[in-house]
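These notes are about the structure you will find just below.
What follows draws every value from the coordinates through simple rules; no lab data is involved. Predicted model, so just to flag it, every value in this text is computed and none were measured.
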Amino acid sequence: MKTRHIIALTGILLFFAGSVFVLHKVSSALQQKEEQYATFPVFSLPDIDGNIVSDASIDRNKGTVFYFFDPDCSLCVVTLDSLRIRHMDFSDHQIMLITLVSQEKITEFLGKMDFMPPENIKILFDENADLISLMDIKGAPSSLIYKEGRLAKRFDGPVTVETLIKYLQ
């Protein structure tokens with residue numbers, strides 16, 4: 001009877017030790033991913049006019065929102081429509097609207113929305129998903145807000161314009 005208890009206790013201890021080890025590895029991997037985008041990302045992507053926009057061309061002292069969207073995502077469209085209506089609330093900030101969708105489809109989409117982005121709002125095409133991968137984006141919509149070159153807030157899922165403004169202040 002005593003031997004069974006020792007074997008059972010040893011099994012429980014080994015299971016616990018293995019679980020702690022796995023949790024530590026998963027936690028370390030997540031922390032490494034977060035460190036990839038904790039500071040302002042290094043990138044170079046074409047905008048809707050074919051010009052290259054890079055991290056070097058963005059004022060890191062201004063609040064910057066990276067908003068990953070898809071025009072077929074109804075939640076994304078709601079947020080983009082709110083940005084269209086309230087774009088003046090972001091005049092002191094920069095917004096990077098990033099998509100995997102082709103330029104032709106986005107041009108058609110913007111025409112239907114009657115949205116001509118002002119100078120501080122850029123539509124960027126990440127056709128190879130380089131920035132999407134770097135920032136560990138799992139789906140649209142996703143938003144990352146940077147202030148003074150550091151990540152201030154991340155949203156994986158829908159977010160209101162009011163919330164974006166709140167975290168840019």
The stretch 96-103 - phi-based ³J(HN,Hα) in whole Hz, Karplus 6.51/-1.76/1.60, Gly and Pro as x:
10, 8, 10, 9, 8, 6, 5, 4
Of Lys62/Lys122; Lys105/Lys166; Lys62/Lys166, which pairs sit farther than 20 Å apart, going by alpha carbon to alpha carbon?
Lys105/Lys166
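I need the shape label for the stretch 44-168. Rule: rounded when a/c is under 1.5, else prolate if a/b > b/c, else oblate, with a, b, c from the alpha carbon gyration tensor. Could you put the intermediate results ahead of the total?
Details: a/c = 1.24, a/b = 1.12, b/c = 1.11.
Verdict is rounded for the stretch 44-168.
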In terms of modelled amide H atoms, which long-range or inter-chain residues lie less than 5 Å from the amide H of Gln94?
Gly63, Thr64, Val65
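So in the stretch 39-157, what percent of DSSP beta bridges are antiparallel if you round to the nearest 5?
Details: 16 of 26 bridges.
In the stretch 39-157, approximately 60 percent of DSSP beta bridges are antiparallel ones.
Rounded, prolate or oblate: pick one for the stretch 113-169, where a ≥ b ≥ c are the square roots of the eigenvalues of its C-alpha gyration tensor, a/c under 1.5 means rounded, and failing that, prolate if a/b is larger than b/c, else oblate.
Details: a/c = 1.44, a/b = 1.04, b/c = 1.38.
Rounded is the answer for the stretch 113-169, as its axis ratio a/c remains below 1.5.
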Determine the distance separating the Cα centre of the stretch 56-114 from the Cα centre of the stretch 125-169; give it in Å without decimals.
11 Å
Under the rule of at least 5 residues apart or a separate chain, name every residue whose amide H is placed under 5 Å from the amide H of Ala152.
Ile145, Tyr146, Lys147
Along the stretch 112-125, Karplus-curve 3J(HN,Hα) (6.51, -1.76, 1.60; θ = phi - 60°) to the nearest Hz, with x for Gly and Pro, reads 5, 7, 6, 10, 10, x, x, 4, 7, 10, 10, 9, 10, 10
